[in-house]
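These notes are about the structure you will find just below.
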Amino acid sequence: MTSGAGSPPTWSIMTTSMSSRSAEQSSRTALTASPPAGGEAGPARFRQVLSRFASGVTVISTLDGDRIHGMTASAFMSGSLEPPLIVISIARSARIHDLIEAGGRFGVSILGLEHEKRSRHFGGQPQAGYEPEFAIHDAVPVLPDAVAWIVADVSAQYPCGDHSLFLGRVRRLAWEDSAPLLHFTGGYRALS
């Protein structure tokens, strides 16, 4: 950006990897390329399309008496800053669904790059030698060395097809600065 006294700023655009002409050609090609053929939104095709949305990986957890239940999930998002709300989507067929519904509380542990084994374990693939360790905050279990964790009270529940959306009012949270674990097209990824 360059600017003289009293004059509005002017911006200069520089390209480092291609000339302006090749950038223009590339842009034109992208605009005129044929889109992929569409199709019916059946469950398998719908799952394939949604797998193209890169997401973080979490473990949703809750207590049932003195037993801890957890499941891997990527259907998590912020809902509101004021008040602090989060949203999780849980299949009604999942055992944890009824436990969260009955208990009214849940935890979300956001997994880091080194936590792939945890994701697989809570995704239904028990990992030999892995014994999860939880910390309990306000009667809710969370993974203490996750990239971040949140404890929430269920403030609302909404039907959503074969799932339920649980709206959670945030009670406690913590985080650390480390790289997240990502999920994309059925595999684990890292930020580059």
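Going by amide H atoms built from the backbone, whose H comes under 5 Å of the H on Gly112, apart from near neighbours?
Placed amide hydrogens put Val147, Leu181 under 5 Å from Gly112.
Could you check how much of the accessible area of region 69-140 is carbon and sulfur, as a whole percent, using a 1.4 Å probe?
Whole-percent figure for carbon plus sulfur exposure: 52.
Which ³J(HN,Hα) values, rounded to whole Hz and listed in residue order, are derived for region 125-134 from phi using the Karplus coefficients 6.51, -1.76 and 1.60 in 6.51 cos²θ - 1.76 cosθ + 1.60 with θ = phi - 60°, glycine and proline given as x?
The phi angles translate into 10, x, 9, 4, x, 8, 10, x, 10, 10 Hz.
For region 38-192, what class follows from the C-alpha gyration tensor (a ≥ b ≥ c being the square roots of its eigenvalues): rounded when a/c is under 1.5, otherwise prolate if a/b is larger than b/c, else oblate?
Rounded is the answer for region 38-192, as its axis ratio a/c remains below 1.5.
Taking amide hydrogens as modeled 1.01 Å from N in the peptide plane, which residues meet the under 5 Å criterion relative to His163, leaving out close sequence neighbours?
Arg92
For the pair Ala179/Ala41, report the inter-label distance in nm, with labels modelled 7 Å from Cα in the Cβ direction.
3.6 nm
Keeping all protein chains in place, calculate the accessible area per residue for region 63-124 (probe 1.4 angstrom), answer in Å².
Result: 53 Å² per residue.
Gap in Å between the Cα centre of region 46-105 and the Cα centre of region 128-192?
Computed from Cα coordinates, the inter-centre distance equals 7 Å.
The values are calculated or read from the model by the stated rules, or taken from the named source; none is laboratory data. Only a predicted model underlies this, so the values are computations on that prediction, with no experimental measurement involved. Reconstructed Cβ throughout: ideal geometry from the backbone, glycine too, with neighbour counts over all protein chains shown. When the accessible area is computed, the model is the full protein with side chains, heavy atoms only, and any ligands, DNA or RNA have been set aside. Shrake-Rupley method; radii C 1.70, N 1.55, O 1.52, S 1.80 Å.
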